[in-house]
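Take a look at the structure below.
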Ligand code: AMP
């Protein structure tokens, strides 16, 4: 057990790290952020900051020497340089990073555990797209295997002749388009003792590939699939020897839950838990990686809605606060670029 007062290292300097650090501070821990970018919204609320490249082994070793445990808030942290952490515990295990960093590996892994992804084909590079469309059919989505997020690195294919796109010359994956009834995520936390707690399942609505809102309770069209999706998520957590918060995203379809992707970290579709659950995803992540008992995950209200504040919408903070029931979270980012997640608003329905 790592007692309060110790230092938690967080790899990655964005808003997820910021919210982990705030939950850690509540429990009496110090946080030390490691990130390559100098402007880190996580570092702003933390005790220490190492700004260095991922492959700077000397900086990584100095960082590790200050930490009792290390975690990550960003799933594209390169795995090889983490060897420089030496003997400091790293949770979740880096095999979760390796699995989730590559859409092909991730799909094969979840499929091997009984999950069902969209039909997919491995595409070596842009020249392989035509064959993939022939094999899987159109419509579909061509995605980069690595480094895509928030709808970036993916292109819709409406008809076979769309194969003339100007795609990047890198490994890709083509997925058949799923006609889903709704989207949802399974959020769980697994402790060092293997104890698993699930939060209630939100309905997630995406706009332009970016999460727009998460709503609870989810409608029956999602509830019907929760047990099956939870069973898959638990198998993933167990197979990875996972410690911390894990998220799996699914499509609800007439044929059952279709696995979309996993995130080995706290997740935007779990931001509602800060006010809407007995224990937030951030607090339980800290509890898990420090070996503390996990907190209860039940709903703290009759209903919850979390809306993302994206781009210029951050300028509407005064209007958002004019509703006394809104909880506004702003991440402290300087520039409000289009599509950039600037904050979120959570609203509880009490009765
Ligand atoms: P991703 O980054 O893979 O989670 O994709 C972002 C969003 O694009 C998803 O949440 C869906 O709304 C949509 N999407 C991605 N893949 C598919 C698919 N195979 N079929 C239908 N919609 C998809």
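Pop the C-beta distance of residue 328 and residue 134 into the FRET formula with R0 = 51 Å and round what comes out to the nearest 0.05.
0.55
Suppose we keep just the DSSP beta bridges with both residues in the chain; what percent of those would be antiparallel, to 5?
Within the chain, antiparallel bridges account for around 80 percent of the total.
So if each residue of separation counts as 0.36 nm, and I subtract the Cα-Cα distance between residue 152 and residue 38, what length gain in nm does that give?
Going from the current span to full extension adds 38.7 nm.
If I model the range 261-332 as equal point scatterers sitting on the Cα atoms and use the Debye formula, what is log10 I(q)/I(0) at q = 0.11, 0.12, 0.13, 0.16 Å⁻¹?
Result of the Debye calculation: -0.35, -0.41, -0.48, -0.70.
Given the Cα-Cα distance of residue 224 and residue 48 and 0.36 nm per residue of separation, how much length would full extension add, in nm?
58.8 nm
Based on the alpha-carbon gyration tensor of the range 1-71 and its eigenvalue square roots a ≥ b ≥ c, which shape applies: rounded if a/c is under 1.5, prolate if not and a/b is larger than b/c, or oblate?
Verdict is oblate for the range 1-71.
Using the beta-carbon distance between residue 170 and residue 239 and R0 = 35 Å, what value does 1/(1 + (r/R0)^6) give for FRET efficiency, to the nearest 0.05?
Using R0 = 35 Å, I get an efficiency of 0.80.
From the helices alone, meaning DSSP H stretches of at least four residues, give me the mean residue ellipticity at 222 nm for the chain, per-run term -39500 (n - 2.57), in deg cm²/dmol to the nearest 500.
Value at 222 nm, helices only, nearest 500: -7000 deg cm²/dmol.
Which whole-number percent gives the relative contact order of the chain, counting Cα pairs below 8 Å spaced six or more residues apart? Kindly include the intermediate steps, with their values, before the conclusion.
Values: 785 pairs, mean separation 50.8, N = 351.
In percent, rounded to a whole number, it is 14.
Counting only C-alpha contacts under 8 Å and six or more residues apart, can you give the relative contact order of the range 50-121 as a whole percent?
About 26 percent, as a whole number.
Per residue, how big is the convex hull around the C-alpha atoms of the range 105-199? Give it to me in cubic angstrom, could you?
For the range 105-199, the hull spanned by Cα atoms encloses 132 Å³ per residue.
Limiting things to C-alpha atoms, what are the Rg and the maximum Cα-Cα separation (Dmax) for the chain, in angstroms?
When restricted to Cα atoms, the chain yields Rg and Dmax of 20.0, 60 Å.
When a/c is below 1.5 the answer is rounded, else prolate if a/b is larger than b/c, else oblate, so apply that to the range 36-144 with a ≥ b ≥ c taken from the square roots of the Cα gyration tensor eigenvalues.
Cα axes put the range 36-144 in the prolate bin.
If the range 146-219 were replaced by its equivalent ellipsoid, with semi-axes equal to the square roots of 5 times the Cα gyration tensor eigenvalues, what would those be, largest first, whole Å?
Working: eigenvalues 200, 62, 24 Å².
Square roots of five times the eigenvalues give 32, 18, 11 Å.
Using a 7 Å offset from the Cα along the Cα-to-Cβ direction at both residue 76 and residue 193, what is the distance between the two label points in nm, to one decimal?
Label-label distance for residue 76 and residue 193, simple model: 3.9 nm.
Mind giving me the nanometre distance, one decimal, between the label points for residue 319 and residue 206, set 7 Å out from Cα along Cα→Cβ?
2.7
If I model a spin label at residue 66 and residue 254 as a point 7 Å from the Cα along the Cα→Cβ vector, what separation in nanometres do I get?
With each label placed 7 Å out from Cα toward Cβ, I get 5.7 nm.
Laboratory data are not the source of any read-out in this text; all were calculated from the coordinates shown. As the structure is a prediction and not an experimental result, all values here were calculated from the model. Glycine gets a Cβ as well: all are built from the backbone with ideal geometry, and neighbour counts include every protein chain shown.
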